[in-house]
Amino acid sequence: MSKAPQQNSTPGVNGISVIHTQAHASGLQQVPQLVPAGPGGGGKAVPPSKQSKKNSPMDRNSDEYRQRRERNNMAVKKSRLKSKQKAQDTLQRVNQLKEENERLEAKIKLLTKELSVLKDLFLEHAHNLADNVQPSNTENTTASSENAGQ
């Protein structure tokens, strides 16, 4: 009978173990698999700059802690004011664009009316010209026939 593959677990990087599968003679390929090392062993890697801060907790009564908190509070206040100002500027810009849009739509309406009136005038004038002007061929034919008869 064939023998089942053996699995050996070795500790890996960042709390992840690598399982090595030993195949038997039937020709199975070895494929490494990543699995968590154990309960609570997984998680994100912490950059070295953050690790040093977590390892030395600050005393809440220390001057350094107070200064950091004060600087952070000022930064938060500044950020919120900046965000509020940006929202107000955006709202003001929206209102300006709405007003401009209304003015432009009114102008379009006016120009469309004007165009319609001018088209009507043009068509009326063109029809009057067409009614008043006789074709030149008819005039020449009548004049020729009168001359021929004399």
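Report whether or not Ala75 is open to solvent by less than 100 Å² (accessible area, probe 1.4 Å), assigned to a helix (DSSP H, G or I), at pLDDT below 95 and of a type in the set (Gly, Ala, Ser).
Criteria not met by Ala75.
Output the qualifying pairs, or none if there are none: Cβ atoms under 9 angstrom, residues six or more apart or on different chains, first residue in region 68-82 and within 21 Å of Met58 (Cα to Cα), second residue outside any helix (DSSP H, G or I).
Final answer for the pair search is Arg68/Met58; Arg69/Arg60.
The values are calculated or read from the model by the stated rules, or taken from the named source; none is laboratory data. The shown structure was predicted, so the numbers you read here are calculated from the model rather than taken from an experiment. So basically every Cβ, Gly included, is an ideal-geometry build from the backbone, and we count neighbours across all protein chains shown. Calculation scope for accessible area: heavy atoms of the full protein, side chains included, ligands and nucleic acids excluded. Shrake-Rupley method; radii C 1.70, N 1.55, O 1.52, S 1.80 Å.
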